[in-house]
Amino acid sequence: MIQAVILLGAPGAGKGTLAEGLKRSADFIHVSTGDMLREQVKAGRPLGLRAKAYMDQGELVPDDLIMQIIAERLDGGPAAARYLFDGFPRTTEQARGLDALLAARHGGIRKVFLLEASRATLVARLAGRRVCQQCAAVYHLRNIPPRQADVCDQCGGPLRQRPDDTEATVLNRLEVFRQQTEGLIAYYAARGLLARIDAGQQRDQALADIINLLPVATPP
Ligand code: ADP
Ligand code: ZN
């Protein structure tokens with residue numbers, strides 16, 4: 001069966017970075033809707049073209065598109081595995097959609113981690129974020145600088161700012177998150193699935209906190 005763990009957090013809370021760290025200590029299939037959407041955009045797929053206009057404005061991509069890529073991803077992956085969702089669900093509509101997809105596959109949600117950080121921390125992280133154009137590795141001008149300016153340590157590719165990490169779009173993304181998340185938090189808290197994590201602290205400490213609270217995998 002599918003055992004889902006969800007990382008819920010504002011843009012800049014560190015979902016992607018923590019997901020990378022988590023994958024190293026536990027066996028997870030990492031599903032990032034942001035990464036999947038950016039791949040669709042890069043490949044010029046119809047779904048990507050529809051999504052791009054929303055992403056560039058910092059708006060949410062419509063739920064039907066998101067549910068479509070999630071369903072395809074679950075159908076293309078193993079039926080018995082632990083899945084780590086990062087950046088999904090983002091609305092209660094998507095949360096209900098996920099419940100339905102999991103129920104149809106005899107799966108369930110094991111834990112939802114709410115990554116909390118101050119607004120100042122979030123803005124500083126997003127403004128300094130740089131991403132490798134070639135391998136998508138993530139850096140930060142001050143916190144995680146590459147060895148050579150604007151060059152990826154891992155593959156030598158060029159580092160760029162994400163088009164939605166500019167100031168105006170960042171502020172909109174944070175506002176969209178604030179509006180959408182209250183309902184989501186209530187949705188999962190009511191089911192006893194929610195754990196709050198201080199995402200303002202050092203990455204390794206936040207990671208350790210998550211690992212401590214991670215339910216043990218039940219055998220398939
Ligand atoms: P962040 O969480 O830092 O905003 P992501 O990479 O997760 O970054 O998402 C980037 C953009 O992709 C979002 O602003 C939104 O437009 C779109 N997106 C990603 N995941 C979802 C989702 N689950 N529902 C709707 N839109 C999404
Ligand atoms: Zn790279």
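Here are the numbers:
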{"quantity": "Region 71-176: chymotrypsin sites (Phe, Trp or Tyr not before Pro) in DSSP coil with no more than 11 other Cβ atoms inside 10 Å", "calculated": "none"}
{"quantity": "Per-residue [θ]222 nm for the chain (sum of -39500 (n - 2.57) over DSSP H runs n ≥ 4, rounded to 500)", "calculated": "-15000 deg cm²/dmol"}
{"quantity": "Per-bin percent of Cα-Cα distances, the chain [10 Å]", "calculated": "8, 33, 40, 18, 2"}
{"quantity": "From phi via Karplus (6.51, -1.76, 1.60), per-residue ³J(HN,Hα) for region 170-184 in Hz, x at Gly/Pro", "calculated": "4, 4, 5, 4, 5, 5, 4, 4, 4, 5, 7, 7, 3, x, 5"}
{"quantity": "Whole-Hz ³J(HN,Hα) from phi, Karplus 6.51 cos²θ - 1.76 cosθ + 1.60, for region 112-119, glycine and proline x", "calculated": "10, 9, 9, 8, 10, 8, 5, 4"}
{"quantity": "Residues with amide H under 5 Å from that of Arg162, placed H, sequence gap 5 or more", "calculated": "Val131"}
{"quantity": "Cα-Cα P(r), region 9-69, percent of pairs per 5 Å interval", "calculated": "4, 16, 24, 21, 18, 12, 5, 0"}
{"quantity": "Solvent accessible area, Å² - Arg125, 1.4 Å probe, full protein context", "calculated": "50"}
{"quantity": "Interatomic Cα distance distribution for region 120-165, bins of 5 angstrom, percent", "calculated": "5, 27, 34, 21, 10, 3, 0"}
{"quantity": "Most mobile of Gly87, Gly14, Gly157 in a GNM of the chain (Cα contacts under 10 Å)", "calculated": "Gly157"}
{"quantity": "Full-stretch length increase - Asn172, His106 - with 0.36 nm per residue and alpha-carbon distance subtracted", "calculated": "20.1 nm"}
{"quantity": "Amide H contacts of Ile29 (H built 1.01 Å from N, under 5 Å, at least 5 apart or other chain)", "calculated": "Arg82, Tyr83, Leu84"}
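The values are calculated or read from the model by the stated rules, or taken from the named source; none is laboratory data. Note that the structure is predicted; figures quoted are calculated from it, not measured. A quick note on method: Cβ atoms are made from the backbone with ideal geometry, for glycine too, and the neighbour counts reach across all protein chains shown. Areas reflect the complete protein model, heavy atoms only, side chains present, ligands, DNA and RNA absent. Shrake-Rupley method; radii C 1.70, N 1.55, O 1.52, S 1.80 Å.
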